1. State the number of residues belonging to segment 195-211 that are in contact (Cβ under 8 Å) with a residue 24 or more places away in the chain, assigned to a helix (DSSP H, G or I) and either closer than 17 Å to Ser257 by Cα or of a type in the set (Asp, Glu) (or both).
2. Report yes if Ala280 is crowded, with 18+ Cβ neighbours inside 10 Å, of a type in the set (Gly, Ala, Ser) and in the same structural domain as Ala209 (by TED's automatic domain parsing), otherwise no.
3. Test each condition in (1) touching a strand residue (DSSP E or B) at 6+ places or on another chain (Cβ under 7 Å); (2) closer than 30 Å to Leu246 by Cα for Tyr293 and report the one that comes out false.
4. Looking at Arg405, Arg387, can you tell me which residue is of a type outside the set (Phe, Trp, Tyr), modelled with pLDDT of 95 or more and not assigned by TED's automatic domain parsing to the domain that holds Ser265?
5. Could you go through segment 175-194 and let me know if any residue there is over 30 Å from Val55 (Cβ atoms), at pLDDT 50 or above, under 26 Å from the mean Cα position of the chain (by Cα) and not in a helix (DSSP H, G or I).
6. Any chance you could count how many residues in segment 212-239 are in contact with a helix residue (DSSP H, G or I) (Cβ under 7 Å, 6 or more places away or on another chain), surrounded by fewer than 16 Cβ atoms within 10 Å (Cβ to Cβ) and either in contact (Cβ under 8 Å) with a residue 60 or more places away in the chain or within 17 Å of Arg278 (Cβ to Cβ) (or both)?
7. So Ser297 fits all but one of (1) polar (S, T, N, Q); (2) within 29 Å of Ala200 (Cα to Cα); (3) in a helix (DSSP H, G or I); what number is the exception?
8. Is it true that some residue in segment 312-324 is crowded, with 20+ Cβ neighbours inside 10 Å and either more than 30 Å from Val236 (Cα to Cα) or not assigned by TED's automatic domain parsing to the domain that holds Phe385 (or both)?
Amino acid sequence: MEVNTGGGFTEGPAEVVVELSAAEAAAGTAKTIAAPPDGTPVMIYFLPGARDGTVQNVDLPWVDPATGTASTRTVAVAIRVLPAGSFPAAGAFPSSGFAAPARRRFGPRARIIAVALGITLVGGICLAPTLFRGSDAKTSSGVTGSTTSTTTTTTTRPTEEAVATAPPLDPAAFQSSLDEADKQLTAAVGTLGRATTPRAVAAAADALAETVRTQASMLSGLTAPAAVVSAHGDLVSALSSLENELTSVSSSADSRSVCTGGAASAALTRAGAAADLRTAITALAAADPGAKYRFGSFLPAATEDQNRRQANGSYLTRTTGGSGQLKIDNGNTVDTVVNLVKVGAKKPAVSVYVRGQKKVTTGRIKDGTYEVFISSGTDWDGKRFTRDCQFSKFDSSFKFTTTSRQYTIWQISLQEVLGGNATSSDVDPDSFPT
């Protein structure tokens, strides 16, 4: 429909004019426009508080018909706010038929992006407002019968039909996107699995959550092949649930119920979100037997916790050459590793494994002054406890001296006792001597 936008302005015409009722301008609304030059129907979202005379620069997808090159082009869309009680031109799509896009994903200064991919189009805020710039712009309150390229679109057809103009990805391109997401997720899962301290586990879990969020967002923006549209949506949803589950993994590391990446990864594989993701991956592969889409190599099968232990009295490290002895009574139920570290050294001279409710005597300790560090927990992987780990040290040092007639014997109890004569303090796992 040709309209007169009002004379007296000399800045040139806007390419499209959209009429909004006063209520729509105040509350915000989605509108479908006939985008020039070919009248392609594209939905854009106008934020609450739209003002009469504002011009929004909208980036539209564009494929050069000569070369097939995909790019964007900018269209100036002017807003006309009708007086209270007036309504947009007949044939406009009812604003109640569209859901406004989630605004949290966009910054307050984002350009408006219009995407004709069969999904709700995203919006940003208006650029610097200008006056209507001419009197011969086309009014688009929606796609109307007066535009020859859109005469088949009516207000009674579903929103998806009105805007689904871009073709879906071909199977090869869709698989390529899945492969890239799988690659990024595999790398982040590997980093989690290699973490060796609770702090490193928490950091790796947070980083993995961010990678899951990024890849889920990327996949959600794809136009999947028609045969797998539903399975594709379920996959994106399952990835988002996995992201939430990683918050629990990070919290478990902070509380030291999981202490290594191996234990954290095992816990993740057993989570309900992981099971849902496996179901979505299987459904995606089966949705198109011809394509057999592949995804999810980063997610191993559900893994049970292990409970590995060393034999009581096993030496993990031992430097001999003296006559001193250290007698250890582990009255606790958990297994413990006792490290005897010479003052000023970074590595233990003696490291011995003491099972819960067991005793060990280690001898041939060289003369010197030592600190005693203690780590305890469940499931010894050969270097550290993977779950329920604790780290501490005796506050007092232990001096070993040998003469021609005598040598030093120290006896320690690892269980807290009333009236005990030794105190201990917690130690940062990252600085624990191993």
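The values are calculated or read from the model by the stated rules, or taken from the named source; none is laboratory data. Note that the coordinates shown come from a computational prediction; the quantities given were computed from them, not determined experimentally. As a convention, Cβ positions derive from the backbone with ideal geometry for all residues, glycine included, and neighbour counts pool all protein chains shown.
1. Here is the first cut: in segment 195-211, the residues in contact (Cβ under 8 Å) with a residue 24 or more places away in the chain are 195-202, 204-206, 208-209, 211.
Keeping just the survivors that are assigned to a helix (DSSP H, G or I) gives 198-202, 204-206, 208-209, 211.
Narrowing the set further to residues that are either closer than 17 Å to Ser257 by Cα or of a type in the set (Asp, Glu) (or both) leaves 198-202, 204-206.
Result for segment 195-211: 8.
2. Values: crowded, with 18+ Cβ neighbours inside 10 Å: yes; of a type in the set (Gly, Ala, Ser): yes; in the same structural domain as Ala209 (by TED's automatic domain parsing): yes.
Yes; evaluated as a whole, the condition is true for this residue.
3. (1)
4. Values: Arg405 fails: modelled with pLDDT of 95 or more.
None of the other options fit; the residue is Arg387.
5. First pass over segment 175-194, keeping only residues over 30 Å from Val55 (Cβ atoms): 175-194.
Now narrow it down to the ones that are at pLDDT 50 or above: 175-194.
Among the residues that remain, those that are also under 26 Å from the mean Cα position of the chain (by Cα) are: 175-194.
Next, only the ones that are not in a helix (DSSP H, G or I) stay: 194.
Yes: one or more hits.
6. 0
7. Going through (1) polar (S, T, N, Q); (2) within 29 Å of Ala200 (Cα to Cα); (3) in a helix (DSSP H, G or I) one by one, Ser297 breaks only (3).
8. Residues of segment 312-324 crowded, with 20+ Cβ neighbours inside 10 Å: 324.
Still in the running and either more than 30 Å from Val236 (Cα to Cα) or not assigned by TED's automatic domain parsing to the domain that holds Phe385 (or both): 324.
Within segment 312-324, one or more residues are crowded, with 20+ Cβ neighbours inside 10 Å and either more than 30 Å from Val236 (Cα to Cα) or not assigned by TED's automatic domain parsing to the domain that holds Phe385 (or both).
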